[in-house]
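The values are calculated or read from the model by the stated rules, or taken from the named source; none is laboratory data. Nothing here was measured: the structure is a model prediction, and the numbers come from that model. Virtual Cβ from ideal backbone geometry, glycine too; neighbours counted across all protein chains shown. The protein model used for the area step is the full one, side chains on, heavy atoms only, and it has no ligands, DNA or RNA in it. Shrake-Rupley method; radii C 1.70, N 1.55, O 1.52, S 1.80 Å.
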Amino acid sequence: MLKAGVYALALLGLFALVFALLPQGRSGAAQTGATLEGVALTLYPARDTGAVWRFRAASVTSDPLKGETHLAGLSDGGRWVREQGPNGQPTGRSVLDATLSAPDLTIDGQDNMLTRQASITLVQQCADIKLRGTPGQPVRIEQGYGFSAPLAQVDSPYMTGKVTRLRMTFQFVLEDSGEDSDTTYPLDPTETCENGQRVPYHAS
């Protein structure tokens, strides 16, 4: 369910106002949705209860009949997860797990996010991933799992290169790829990832 923080009540009020002012003779397709501008919003995915997504958007358009919300002019996109201490118990804090940059996003009824292109950084793996979709097969960010795209460019201390038909988890596990992928796994890495930062690799 999409929650827009302190804007939630204002959003509901705007829906009611828009529906009340719409002409009665218009078609049903024209009588759906409303748009907000300059919104900070938070997404609490029902299928990923340990994660929270936060965004800023220049405009947010909701279509209740389609069960979709469209975000345009995105900035400050990120996935936050509950921090765990050395004993595996929650510390009560949230840490940034991934950042997301995209020209726009459509959030469907399952809280999955679709777009034509996106850049994701998996913070704890220092992995920068550029995702490209097609009109028939967009980039998909699937709640509780990870993301997929017809084409991706991966840059990390542990793997670099082009991946086709990519399907990857938020933990940087490559679940599927096309036969024409071209990737490199350094046998003698020069960098490693520590606390979300690339640092020189020193063999023990």
Query raised in the report: Local charge sum around Met168 (other residues, Cβ-Cβ under 10 Å, Lys/Arg +1, Asp/Glu -1)?
Result: -1
Query raised in the report: What dipole magnitude, in Debye to the nearest 20, does the stretch 50-197 give about its Cα centre under +1 on Lys/Arg Cβ and -1 on Asp/Glu Cβ?
Result: 400 debye
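How much accessible area per residue does the stretch 97-204 have, counting only protein heavy atoms and a probe of 1.4 Å, in square angstrom? Numbers along the way, then the final one.
Working: 5660 Å² over 108 residues.
With all protein chains present, the stretch 97-204 gives 52 Å² per residue.
What's the local net charge at Ser75, with K and R +1, D and E -1, over the other residues with C-beta under 13 Å away?
Spelling it out: positives minus negatives among the neighbours equals 0.
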Report summary line: 1/(1 + (r/R0)^6) with r = Cβ-Cβ of Glu37 and Ser119, R0 = 25 Å, i.e. FRET efficiency to nearest 0.05, evaluates to 0.55
Report summary line: If R0 = 30 Å, then Arg82 and Val199, at their Cβ-Cβ distance, give a FRET efficiency to the nearest 0.05 of 0.70
Query - Potential extension, Ser75-Gln171 segment - 0.36 nm per residue separation minus Cα distance - result: 32.3 nm
Query raised in the report: Could you give the alpha-carbon Rg of the stretch 86-193 over 2.2 N^0.38 Å, rounded to two decimals?
Result: 1.13
Requested in this report: Evaluate the relative contact order of the stretch 101-204 (contact order divided by residue number), counting alpha-carbon pairs under 8 angstrom at least 6 apart; express in whole percent.
Outcome: 20 percent
Query raised in the report: Rounded to the nearest 0.05, what FRET efficiency do Glu68 and Leu96 have when you use their Cβ-Cβ distance and R0 = 22 Å?
Result: 0.25
**Report entry** Label-point gap, in nm, between Glu179 and Asp128 - each point 7 angstrom along Cα→Cβ
**Finding:** 3.3 nm
**Report entry** Scattering curve values for the stretch 147-204, log₁₀ I(q)/I(0), Debye with Cα scatterers, q = 0.13, 0.16, 0.18, 0.21 Å⁻¹
**Finding:** -0.37, -0.55, -0.67, -0.84
Report summary line: Expressed as a percent, the accessible surface of the stretch 39-78 that is carbon or sulfur, using a 1.4 Å probe and the full set of protein chains, is 51 percent
Requested in this report: Report the local net charge at Ser156: Lys and Arg +1, Asp and Glu -1, summed over other residues whose C-beta lies under 13 Å from its C-beta.
Outcome: -1
